[in-house]
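Working notes, structure below.
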Amino acid sequence: MIKTLFPNVDWMDMWEATEETIYMTGVSVIATFILGILLGLMLYLTSRGNFWENKGLHQLVGAYVNITRSIPFIILIILLIPLSEWLLGTFLGPTAALLALIVGAAPFYARLVEIGLREVDHGVVQAAEAMGASQRQIIWKVLLPESMPALVSGITVTSIALVSYTAMAGVIGAGGLGDLAFREGFQRGNPDITITSTILILILVFIMQWIGDWVTNRLDKR
Amino acid sequence: MIRLKQLEKVFQTKTQNVAAVQNVELSIEEGEIFGIIGYSGAGKSTLVRMLNMLEPPTSGSVEVSGQDLTKLRGQKLREARQDIGMIFQHFNLLWSRTVAENIAFPLEVAGVDKAERETRVHELVGLVGLEGRESAYPSQLSGGQKQRVGIARALANRPKVLLCDEATSALDPETTDSILQLITNINQELGLTVVMITHEMHVIRKVCHKVAVMENGGVVEQGPVLDVFQRPQQEVTKGFVKQIAAPDDEQAEAEGIAPPERGQLARLSFVGASAGEPVVSRLIRTVEVDVNILQGRLATTVEGSYGTMLVHIDGTAKAVEEAFQYLEKAGVEAEVVRVD
């Protein structure tokens, strides 16, 4: 049955491609989460009326975020080739793709983090200040925990975007399901491979969305 | 305990400078419940926020327990703030933490170890009457319960001063009373100095020993609550006193009353001790007059009562005259009300 419906699918290749996609998405999501929160905190804390109010720095970080966020991902990969050669010695393969994925996704996530932090009730921050909390304590004990549901739903959206970015990373030989669908499915005229890859990507996305929603709901006590 | 000298706060906007607080001189004694009343925009919130430097003053000094807070920075200021608890109109609890974790928050900030935190949280939960709700989240609590958590949290580090910024303004009247009762108990049991900001005269009347009235960023009148009630000097103060001790619209009420055929209409003001005595019944037994009560309102404060009464004193001209003299001797202010 499966043989007749998907005559050209090599399940070993398919599994390998799935693993590559999961690897690229997984590592880049973790790195984006950390980097994005750092950048988002920078954006938030340097904005008007906050701890490190600094117009210059705020605009600098903002400009970096806006520029990298605006460059189409496929172009960003090409632009980053020299950097990955310098950093990793090669610009090919899944690990080289990680650099582009993180550089592309972190600024996007940073904006979502900034929005999440802005939603934190200012009164609560003031209450903590009135108790004598230091800025460090306010960041760790107030800002991050109170915005956690927004941070988690933000990373869910970002990681789904990252799955589609991994498909584009095929141009630098990153592998993964998108690459497989394009080379084996489209270029060799095997629509069954394209369809199987699509179904696997959809399953991946649904699982990520489900986990994201579940965690967000668990965290949100409002 | 708290001394404010020449305190001033100017906010700069694009077009102009706005003085939110100007020239405030206040002195608050240890163990006192000090009320600061004013309409919104009078600068009272800015004033209370300068007491813990949430709002740094433009000039002047804020001395709490002999320490000038305006001179403190960084770690020193944070330590001083741990001696000043604060509660807020909208409670400002962390929704991501349970009741117990919210109360533990200032203890974490102060670096108290875990075992000690737990004992202290347990004590505080008992103090504010929230036993059994320790693991509830703020969203599962009523407004009054949230403010109890706020109070427990404010008291966690055993502060010497408690600042209340419109602490009861978001609560219904019954809950307000229970929270005020709790604050009074804490003041008496722990000898805590309390500063209360409010726009409700009711709150001042219920719990405060002294009151300062604010208008346009300045303190226009201050003193013991009863004195200020008795002899309000400023229009704004008279307005507040009316809220609790006089008919809502005196003039209009009096207008509906027909001029008496004989005798006089009089407004009697009772203050302090005289409000507790049966002055009217003694009056009719002493002087040949009848007294018909048309309106009356009496309010109790921490140190005594205050009230007004509109009466018709009926009798011969001579008897009415004697009645006024009697009232004056009894310590009741009586003024003739004329209606046409």
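The values are calculated or read from the model by the stated rules, or taken from the named source; none is laboratory data. This one's a predicted model, so the numbers in the text were calculated from it and none came from an experiment. Note that we place each Cβ from the backbone using ideal geometry, even for glycine, and neighbour counts take in every protein chain shown.
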task: Evaluate the following for B:GLY60: is it without any contact (Cβ under 8 Å) to a residue 12 or more places away in the chain and closer than 19 Å to B:LEU7 by Cα?
output: no
message: If a residue must be more than 22 Å from B:GLU116 (Cβ to Cβ) and out of contact with any helix residue (DSSP H, G or I) (no Cβ under 8 Å at 6 or more places or on another chain), how many such residues does the stretch B:151-172 contain?
response: 2
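Any residue in the stretch B:269-276 that is among the hydroxyl-bearing types (Ser, Thr, Tyr) and not in a helix (DSSP H, G or I)?
Yes, the stretch B:269-276 has at least one match.
Only one of B:THR168, B:THR176 is polar (S, T, N, Q), in a helix (DSSP H, G or I) and either surrounded by fewer than 20 Cβ atoms within 10 Å (Cβ to Cβ) or in the same structural domain as B:SER40 (by the TED database) (or both). Can you tell me which?
Numbers: B:THR168 fails: in a helix (DSSP H, G or I).
Within the list B:THR168, B:THR176, the selection yields B:THR176.
Table: residues versus (1) over 15 Å from the mean Cα position of the chain (by Cα); (2) free of Cβ contacts under 8 Å to residues at least 12 places away in the same chain; (3) within 14 Å of another protein chain (Cβ to nearest Cβ).
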{"site": "B:GLY126", "(1), (2), (3)": "yes, yes, no"}
{"site": "B:GLY144", "(1), (2), (3)": "yes, no, no"}
{"site": "B:ALA167", "(1), (2), (3)": "no, no, yes"}
{"site": "B:THR175", "(1), (2), (3)": "yes, no, no"}
{"site": "B:ILE186", "(1), (2), (3)": "yes, no, no"}
{"site": "B:MET214", "(1), (2), (3)": "no, no, no"}
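Mind checking which helices (runs of 4 or more DSSP H) fall wholly inside the stretch A:111-211 and carry at least 2 residues that are within 12 Å of another protein chain (Cβ to nearest Cβ), modelled with pLDDT of 90 or more and at negative phi?
Here the list reads A:122-130, A:135-138, A:144-168.
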- prompt: Filtering the stretch B:100-113 down to residues that are part of a helix (DSSP H, G or I) and farther than 27 Å from A:VAL215 by Cβ, which residue is farthest from the other protein chains (Cβ to nearest Cβ)?
  reply: B:LEU107
statement: (1) free of Cβ contacts under 8 Å to residues at least 24 places away in the same chain; (2) surrounded by fewer than 19 Cβ atoms within 10 Å (Cβ to Cβ) all hold for A:PHE51 apart from (1)
- request: Kindly establish whether B:ASN17 is at positive phi and surrounded by fewer than 17 Cβ atoms within 10 Å (Cβ to Cβ).
  value: no
- prompt: Taking the stretch B:100-128 only, how many residues are out of contact with any Gly (no Cβ under 8 Å at 6 or more places or on another chain) and within 16 Å of A:ILE138 (Cα to Cα)?
  reply: 8
- prompt: If you go through the stretch B:302-340, how many residues are modelled with pLDDT under 85, hydrophobic (A, V, I, L, M, F, W, C) and more than 20 Å from B:ARG231 (Cα to Cα)?
  reply: 1
- request: Can you confirm whether the stretch B:181-199 contains a residue that is part of a loop (DSSP other than H, G, I, E, B) and small (Gly, Ala, Ser)?
  value: yes
message: Please pick out the residue among B:LEU93, B:LEU26, B:LEU47 that is in contact with a helix residue (DSSP H, G or I) (Cβ under 8 Å, 6 or more places away or on another chain) and of a type outside the set (S, T, N, Q).
response: B:LEU93
Residue count, the stretch B:200-212 (criterion: in contact with a Pro (Cβ under 9 Å, 6 or more places away or on another chain), in contact (Cβ under 8 Å) with a residue 60 or more places away in the chain and not in a loop (DSSP other than H, G, I, E, B)): 2
query: When you look at B:GLY35, is it closer than 21 Å to B:LEU77 by Cα, of a type outside the set (S, T, N, Q), assigned to a strand (DSSP E or B) and assigned by the TED database to the domain that holds B:CYS208, yes or no?
result: no
statement: Counting only residues in the stretch B:77-99 that are surrounded by fewer than 22 Cβ atoms within 10 Å (Cβ to Cβ) and more than 7 Å from every other protein chain (Cβ to nearest Cβ), the one nearest to B:VAL194 (Cα to Cα) is identified as B:ASP83
message: For the stretch B:228-237, check the following and say yes or no: at least one residue is without any contact (Cβ under 8 Å) to a residue 12 or more places away in the chain, part of a helix (DSSP H, G or I) and more than 14 Å from every other protein chain (Cβ to nearest Cβ).
response: yes
statement: Of the residues in the stretch B:242-268, those that are at pLDDT below 80, surrounded by 12 or more Cβ atoms within 10 Å (Cβ to Cβ), under 28 Å from B:VAL213 (Cβ atoms) and of a type outside the set (Asp, Glu) come to B:LYS242, B:GLN243, B:ILE244, B:ALA245, B:ALA246, B:PRO247, B:ALA254
- request: Mind listing whichever residues of the stretch B:280-328 are part of a helix (DSSP H, G or I) and either under 27 Å from B:VAL207 (Cβ atoms) or not aliphatic (A, V, I, L, M) (or both)?
  value: B:SER281, B:ARG282, B:ARG285, B:THR286, B:LYS318, B:GLU321, B:GLU322, B:PHE324, B:GLN325, B:TYR326, B:GLU328
message: Kindly evaluate A:ALA97 against the criterion of being away from every other protein chain (no Cβ under 14 Å), of a type outside the set (Lys, Arg), in a helix (DSSP H, G or I) and touching a residue at least 12 places away in the same chain (Cβ under 8 Å).
response: yes
A:TRP86 vs. criteria modelled with pLDDT under 90, among the hydrophobic types (A, V, I, L, M, F, W, C), surrounded by fewer than 17 Cβ atoms within 10 Å (Cβ to Cβ) and in a helix (DSSP H, G or I): yes
- request: Taking the residues in the stretch B:146-165 that are within 11 Å of another protein chain (Cβ to nearest Cβ) and of a type in the set (D, E, K, R) as candidates, determine which candidate is surrounded by the fewest Cβ atoms within 10 Å (Cβ to Cβ).
  value: B:ASP165
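Tell me whether the stretch A:7-23 contains one or more residues that are under 14 Å from the mean Cα position of the chain (by Cα), closer than 22 Å to A:ILE160 by Cβ and crowded, with 19+ Cβ neighbours inside 10 Å.
Yes, the stretch A:7-23 contains a residue that is under 14 Å from the mean Cα position of the chain (by Cα), closer than 22 Å to A:ILE160 by Cβ and crowded, with 19+ Cβ neighbours inside 10 Å.
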Count - residues of the stretch B:39-71 that are more than 28 Å from B:HIS202 (Cβ to Cβ), away from chain A (no Cβ under 11 Å) and part of a loop (DSSP other than H, G, I, E, B): 5
